[in-house]
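Colleague: Mind looking over this structure? Questions follow.
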Amino acid sequence: MFNELLPNMMLGLSTALTFENLLYCFLGVSLGTLVGVIPGVGTLATMSMLFPITFYLDPTTAIIMLAGIYYGSAYGGTIAAILLNLPGEPSSAVACLDGYPMAKKGRAGAALFMATVGSFFGAGAGILLMMLFSQPLTALALSFGPAEYFSFMMVGLIAASVISDGSAVKSIAMVLVGILLGVAGLDVQTGETRFTFGMVELIDGISLVALAMGLFGIAEVIWSVHQTTIGNIGRITLRSMLPTRDELRRSWMPIARGSGIGSFFGIMPGVGPSVSSFISYAAEKRVAREPERFGKGAIEGVVAPETANNAANQAAFIPTMVLGIPGSATMALVLGLLIIHGITPGPGMMKEQPELFWGVVMSFWVGNILLVILNIPMIGIWVRLLTIPYHLLYPAIVMFICIGVYSASSSIFDVFVALIFGIIGYGGRVLGFSAAPLLLGFVLGPLMEQQFRRAMLLSRGSLEVFITRPMSAAFIFLAVALLVWTIWSMYRRRKSIAVPSVS
Amino acid sequence: MVKKQTSIGKSLLWSFVSCVALGTSSALAATCPDGFPSRPINFYVGYAAGGGTDSIARTLAQAIEESHGWNIVVENRPGAASAVMAQELLNAQPDGYSIGLGSSDTMVWNPTSGDLDFHYSDFHFLGSTMDSWNSFAALSTAPFDDIASLVEYTRETGMATVAVAGFNQTLVVEQLAEQYDINLVPVPVGGSSESMMLTLGGHVDATIQGVAHLGELRSGNMKQLASLTTHRLPYAPDSATLEEQGAEALPIQSVTVLMAPRELDPEIRTCLEGVVDEAVNSEIFADLMTKFENKAVNRGPDGVLELISNRDARLRELFNEPAAE
């Protein structure tokens, strides 16, 4: 396996570095960054719009370009999250939590710089896995049955209940609201529709893009009525953009952990990068010596989720390219592209189309290097976004959100969904309910429900399946341990606050 | 070795497709009223970009643009398995400028589609482009090769599971279970990727698939137990149909249709029917069908209506649902 690696890499590089492929790679990543920055204008919509062009391109070139948009948008998504508290993509929502406070402290440049570095390392980890271990990893992904999926998502949900600072009860309440919102739509098990109120637009459920853009985007715009511009961004020198030694030191471990978490989530079809960024944020908050720094501008809280979502984006290509099983709508688009060019995705593809497989993999390196080169010098320009007066910037943002949400499925209904959730998000924020746990519940809840019911169907209704299958048992054990730890640390904190007040 | 087989299979299929194309291409020459179309025509695709129906729409549009010089704008209106598109088409002007592409199945009543506000008689079908084929498949290591041995296996083990996506596939499994009085359990999932995951991971015993399993079939990882269509499938000619194997379950019959609001001007209707037929029988469309390992078939306006109304009646009969007025 390894002795073939070098010739394969050379083959891939010779494909990826042709003028045409390089050009389309550059086009893809620049466009990706741009749509990533603009809140609401989503990757999927952009890829769909460009899809017809790919009919006229060589399949390798076409995938290189579409993939560039996909992973490029994850770099761009962070920019608006850090500078404006508006996630460009749903997976960047969690980067707002600490990125925006950093920007308020004048550390926007450093946050952007480290997010880019983290993104690069995360993506690199995902690509390395794809180069070295794609076969064993797909075997691992396939060994996960419904019971394992359920138990592992349980860990995620419990781990993430501490995402927002403030009241744990409020945070759990928001997770539950998210789960309930996720219930609307078609119930796959019975084919019946739930809570659609006769609206055909709701049969596929509430749109994730509309929900996220409402809760984070529109709500932030309404919220901005209360505040003035950050304005004072200080002088942008190269020095102010570079992270301090302390920030660098704090970032390496989150990058390592984020790469691991992101890659793991990436190879599991159907889970998606948003979940991986939430979980890696939660993990950092768990292991931190001073978790109270989180939410107030901790660099770890920016770097970890950004690393994770880029790792997940790259690793998501593993099941798509090796098994022919797409984990998301965007990956389904990549598969569709292969089929249109007469290539049957699946286990034979790596051997039958080595130029395509290795060309695409090596183009990921090229694309990510291009993204770093594009992004670092741009930081200074992006930071200047903050000097645009809010009364000009925010109406423009609302317009972009509306265009973006509409373009995702050409549905005016979704625009109203975004506006309604904007109001709900604002109301929640006034009352101290954070939207991040809601988003996580919304994404994970329906997945967990499906996997649970499927596991019950396969085990003939026996709950034992969750502890008799070793992998599942390990996750359940982890979930219980996390729960106990959470309760214990809550109790300890309450006690430590209570003591001084008595004396 | 594997590659060789593929190319032989493809060229065989290709020559078959070209024969079909040659046989029918002269059937209908489109005659259109003067001045139609005077502006771009919209194709509303009921599925997302990158899917099969999307490629069909774009290829047809390309064929029509090449032969007639018309301007066709393809737009995706995904949602609820093309029901969102159908609903929207219902409100469109019946002027021939709004044409929908979706699955004939969206037009057929089923026990879970109670919410939909349309009926197939609300639309005029301009023709169809291809029949969707489904097959019953399992890992090659599975201890059964056809319906009879699957039934035997289910009796021995007490239960067997089949990953299915959608109502039609679920119904086949339920009908098999009933006919043979076995504990054959459908495991419903959201789409073919999920059912492939469950099958390849060995979490279920078998699955029903349209095209997602073709790569695995070719590499020898999976095998086909039965064709769920009314005929055998070119990529697994040895695998018999349900009927040939004595199973009474309703075969899955769905086609990709082009449709317009019902009150279409007769002249424009004839024109569009002709243009669609030409496009379906064009060379570039045949080429696309080869890539899909399928073939171009236009059942014609009457053929499509017949297919939909028959299936609608059969399903209503099965579930004791009165016919719509």
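Residues checked against (1) within 12 Å of another protein chain (Cβ to nearest Cβ); (2) surrounded by fewer than 18 Cβ atoms within 10 Å (Cβ to Cβ):
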| position | (1), (2) |
| --- | --- |
| B:101 | no, no |
| B:104 | no, no |
| B:108 | no, no |
| B:125 | no, no |
| B:158 | yes, yes |
| B:189 | yes, no |
| B:198 | yes, no |
| B:209 | yes, no |
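Colleague: Taking interchain pairs and intrachain pairs at least six residues apart, which have beta carbon atoms under 7 angstrom, with the first residue in segment B:245-271 and basic (Lys, Arg) and the second part of a loop (DSSP other than H, G, I, E, B)?
Modeller: Pairs found: B:262/B:94.
Colleague: Hey, another quick one. With the checklist (1) surrounded by fewer than 21 Cβ atoms within 10 Å (Cβ to Cβ); (2) in contact (Cβ under 8 Å) with a residue 40 or more places away in the chain in hand, flag the one item residue B:275 doesn't pass.
Modeller: Every listed condition holds for residue B:275 apart from (1).
Colleague: Among the residues of segment B:282-314, which ones are within 17 Å of residue B:70 (Cβ to Cβ) and not aromatic (Phe, Trp, Tyr)?
Modeller: Going through segment B:282-314, the residues within 17 Å of residue B:70 (Cβ to Cβ) turn out to be B:282, B:284-285.
Correct list: B:282, B:284.
Colleague: Is there any pair linking a residue in segment B:205-219 that is hydroxyl-bearing (Ser, Thr, Tyr) to one that is surrounded by 24 or more Cβ atoms within 10 Å (Cβ to Cβ) and in a loop (DSSP other than H, G, I, E, B), with Cβ under 7 Å and at least six apart or on different chains, and which?
Modeller: From residues that are hydroxyl-bearing (Ser, Thr, Tyr), the pairs are B:219/A:346.
Colleague: Being under 22 Å from residue A:410 (Cα atoms) and at pLDDT below 85 is the filter here, so list the residues in segment B:20-72 that pass it.
Modeller: Of everything in segment B:20-72, those that are under 22 Å from residue A:410 (Cα atoms) and at pLDDT below 85 turn out to be B:48, B:49, B:50, B:51, B:52.
Colleague: Among the residues of segment B:249-268, write down those that are more than 16 Å from residue B:72 (Cβ to Cβ) and in contact with a Pro (Cβ under 8 Å, 6 or more places away or on another chain). Working first, answer last.
Modeller: To start, the set of residues in segment B:249-268 that are more than 16 Å from residue B:72 (Cβ to Cβ) comprises B:249-257, B:261-267.
Answer for segment B:249-268, where residues must be more than 16 Å from residue B:72 (Cβ to Cβ) and in contact with a Pro (Cβ under 8 Å, 6 or more places away or on another chain): B:261, B:262, B:263, B:264, B:265, B:267.
Colleague: How many residues does segment B:127-143 contain that are surrounded by fewer than 21 Cβ atoms within 10 Å (Cβ to Cβ) and not in a strand (DSSP E or B)?
Modeller: Counting residues in segment B:127-143 that are surrounded by fewer than 21 Cβ atoms within 10 Å (Cβ to Cβ) and not in a strand (DSSP E or B) gives 4.
Colleague: With respect to residue B:38, determine if the residue is polar (S, T, N, Q) and at negative phi. Don't jump to the end; show me each part of the working.
Modeller: On the way: polar (S, T, N, Q): yes; at negative phi: yes.
Taking the combined requirement at face value, the residue satisfies it.
Colleague: Every residue in segment B:31-77 that is of a type in the set (S, T, N, Q) and under 21 Å from residue B:282 (Cα atoms), please.
Modeller: Across segment B:31-77, the qualifying residues are B:31, B:42, B:53, B:55, B:59, B:62, B:67, B:71.
Colleague: Among the listed residues B:204, B:189, B:164, identify the single one that is within 24 Å of residue A:193 (Cβ to Cβ), touching a strand residue (DSSP E or B) at 6+ places or on another chain (Cβ under 8 Å) and at pLDDT 90 or above.
Modeller: On the way: B:204 fails: within 24 Å of residue A:193 (Cβ to Cβ); B:189 fails: at pLDDT 90 or above.
One residue alone meets the criteria, B:164.
Colleague: Those residues that are in contact with a Pro (Cβ under 8 Å, 6 or more places away or on another chain), facing chain B (nearest Cβ under 10 Å) and assigned to a helix (DSSP H, G or I), I need them from segment A:137-189; list them, please.
Modeller: Scanning segment A:137-189 gives A:138, A:141.
Colleague: Determine, yes or no, whether residue A:350 is closer than 23 Å to residue A:132 by Cβ and touching a Phe, Trp or Tyr at 6+ places or on another chain (Cβ under 6 Å).
Modeller: On the way: closer than 23 Å to residue A:132 by Cβ: yes; touching a Phe, Trp or Tyr at 6+ places or on another chain (Cβ under 6 Å): yes.
Criteria met by residue A:350.
Colleague: Which of the residues spanning segment A:257-275 are touching a residue at least 60 places away in the same chain (Cβ under 8 Å) and either in a helix (DSSP H, G or I) or of a type in the set (A, V, I, L, M) (or both)? Explain how you work it out, then say what you get.
Modeller: So the first thing to find is which residues in segment A:257-275 are touching a residue at least 60 places away in the same chain (Cβ under 8 Å), and the list is A:258-260, A:262-263, A:266-275.
Within segment A:257-275, A:258, A:259, A:260, A:262, A:263, A:266, A:267, A:268, A:271, A:273, A:274, A:275 meet the criteria.
Colleague: Which residue out of B:163, B:226 is crowded, with 22+ Cβ neighbours inside 10 Å, within 14 Å of another protein chain (Cβ to nearest Cβ) and at negative phi? I'd like the intermediate steps shown before the answer.
Modeller: Values: B:226 fails: within 14 Å of another protein chain (Cβ to nearest Cβ).
It is B:163.
Colleague: Does segment A:373-391 contain at least one residue that is aromatic (Phe, Trp, Tyr), closer than 30 Å to residue A:17 by Cα and either within 14 Å of chain B (Cβ to nearest Cβ) or assigned to a helix (DSSP H, G or I) (or both)?
Modeller: We begin by selecting, within segment A:373-391, every residue aromatic (Phe, Trp, Tyr); these are A:382, A:390.
Now restrict to residues that are closer than 30 Å to residue A:17 by Cα: A:382.
Subset that is either within 14 Å of chain B (Cβ to nearest Cβ) or assigned to a helix (DSSP H, G or I) (or both): A:382.
There is at least one residue in segment A:373-391 that is aromatic (Phe, Trp, Tyr), closer than 30 Å to residue A:17 by Cα and either within 14 Å of chain B (Cβ to nearest Cβ) or assigned to a helix (DSSP H, G or I) (or both).
Colleague: May I ask you to list the residues in segment A:1-45 that are of a type in the set (A, V, I, L, M) and touching a Cys at 6+ places or on another chain (Cβ under 8 Å)? Let's see the steps before the verdict.
Modeller: Step one: list which residues in segment A:1-45 are of a type in the set (A, V, I, L, M), which gives A:1, A:5-6, A:9-11, A:13, A:16-17, A:22-23, A:27, A:29, A:31, A:34-35, A:37-38, A:41, A:44-45.
Within segment A:1-45, A:16 is the sole residue that qualifies.
Colleague: Mind counting the residues in segment A:117-133 that are of a type in the set (A, V, I, L, M, F, W, C), within 15 Å of residue A:362 (Cβ to Cβ) and surrounded by fewer than 21 Cβ atoms within 10 Å (Cβ to Cβ)? So that I can check it myself, show each step before the final result.
Modeller: Residues of segment A:117-133 of a type in the set (A, V, I, L, M, F, W, C): A:117, A:120-121, A:123, A:125, A:127-133.
So of that shortlist, the ones also within 15 Å of residue A:362 (Cβ to Cβ) come out as A:123, A:127-132.
Retained after the next criterion (residues that are surrounded by fewer than 21 Cβ atoms within 10 Å (Cβ to Cβ)): A:128, A:131-132.
Residues flagged as of a type in the set (A, V, I, L, M, F, W, C), within 15 Å of residue A:362 (Cβ to Cβ) and surrounded by fewer than 21 Cβ atoms within 10 Å (Cβ to Cβ) within segment A:117-133 amount to 3.
Colleague: Could you give every pair whose Cβ atoms fall below 9 Å, whose first residue belongs to segment B:161-186 and is within 21 Å of residue B:202 (Cα to Cα), and whose second residue is acidic (Asp, Glu) and outside any loop (DSSP other than H, G, I, E, B), counting only separations of at least 6 or pairs across chains?
Modeller: If the second residue must be acidic (Asp, Glu) and outside any loop (DSSP other than H, G, I, E, B), the pairs left are B:163/B:194; B:165/B:194; B:166/B:105; B:184/B:174; B:186/B:174.
Colleague: For segment A:326-368, what are the residues that are farther than 23 Å from residue B:293 by Cα, touching a Gly at 6+ places or on another chain (Cβ under 8 Å) and at the interface with another protein chain (Cβ under 10 Å from one of its Cβ atoms)?
Modeller: Within segment A:326-368, A:327, A:328 qualify.
Colleague: Under 8 Å between Cβ atoms, which residue pairs at least 6 apart in sequence (or on different chains) link something in segment A:22-50 that is within 14 Å of chain B (Cβ to nearest Cβ) with a partner that is among the charged types (D, E, K, R)?
Modeller: That search, which allows pairs on different chains as well, returns A:42/A:89; A:43/A:89.
Colleague: Taking interchain pairs and intrachain pairs at least six residues apart, which have beta carbon atoms under 8 angstrom, with the first residue in segment A:284-310 and under 18 Å from residue A:80 (Cβ atoms) and the second part of a loop (DSSP other than H, G, I, E, B) and among the charged types (D, E, K, R)?
Modeller: A:297/A:105; A:297/A:107
The values are calculated or read from the model by the stated rules, or taken from the named source; none is laboratory data. What you are looking at is a predicted structure, and each value in this text was computed from that prediction instead of being measured. Positions of Cβ are backbone-derived with ideal geometry, glycine not excepted, and every protein chain shown enters the neighbour counts.
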